[in-house]
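Chemist: Take this structure first; my questions come after.
The values are calculated or read from the model by the stated rules, or taken from the named source; none is laboratory data. Please read these numbers as outputs of a predicted model, since none were measured by experiment. Cβ coordinates were reconstructed from backbone atoms using ideal geometry, including for glycine residues, and neighbour counts include every protein chain displayed. Surface accessibility is based on the protein's heavy atoms, side chains included, excluding ligands, DNA and RNA. Shrake-Rupley method; radii C 1.70, N 1.55, O 1.52, S 1.80 Å.
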Amino acid sequence: MVNNANRNDIVLDIIGRLQEALTAARGELTPELLKGVETSVRADWGGDRVFIAKRSGEGHNNRNSRIFRDYLAGERVKLLSRRYELSERQVLRIIKAPRPTSQ
């Protein structure tokens, strides 16, 4: 069964399932153990379209703030899209997104 905390991240879900299975099997990695994990993952994730981020742990807020700061410093959208590995359209969305006002 998919752990609710890992429901949106297939990588974390698979790692968690492997850890649980290895603990139950006392650390012995067998073909049967792997088949069981595979069956479980396919039952819960089968048919889903999954996105696996290139970077884990880095929040989009930090990245978006850097993009906005770089844009304000005069960087061109085309350069920003290459630097941050995003489409120009995505960079434009980030730049045009409403920002919280500081009081």
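Chemist: Can you name the residue in segment 34-49 that is closer than 16 Å to residue 22 by Cβ and not β-branched (Val, Ile, Thr) and, of all such residues, is most open to solvent (accessible area, probe 1.4 Å)?
Modeler: Restricting to residues being closer than 16 Å to residue 22 by Cβ and not β-branched (Val, Ile, Thr), the top hit is 35.
Chemist: Which residues, taken from segment 75-92, are over 23 Å from the mean Cα position of the chain (by Cα) and assigned to a helix (DSSP H, G or I)?
Modeler: Within segment 75-92, 77, 78, 79 qualify.
Chemist: Kindly list the number of the only condition in (1) hydrophobic (A, V, I, L, M, F, W, C); (2) touching a Leu at 6+ places or on another chain (Cβ under 7 Å); (3) exposed (fewer than 15 other Cβ atoms within 10 Å of the Cβ) that fails for residue 12.
Modeler: Condition not satisfied by residue 12: (2).
Chemist: Please find, within segment 53-74, the residue that is most open to solvent (accessible area, probe 1.4 Å) out of those that are at pLDDT 75 or above and in a loop (DSSP other than H, G, I, E, B). Walk me through how you get there before you give the answer.
Modeler: Of segment 53-74, the ones at pLDDT 75 or above are 60-74.
With in a loop (DSSP other than H, G, I, E, B) added as a condition, the list becomes 73-74.
Values: 73: 86, 74: 60 Å².
Top of the filtered list is 73.
Chemist: List, please: which pairs have Cβ atoms under 6 Å, are six or more places apart or on different chains, and start with a residue in segment 1-26 that is modelled with pLDDT of 85 or more and end with one that is of a type outside the set (Asp, Glu) and part of a loop (DSSP other than H, G, I, E, B)?
Modeler: Listed pairs, sorted by first residue: 13/2; 16/3.
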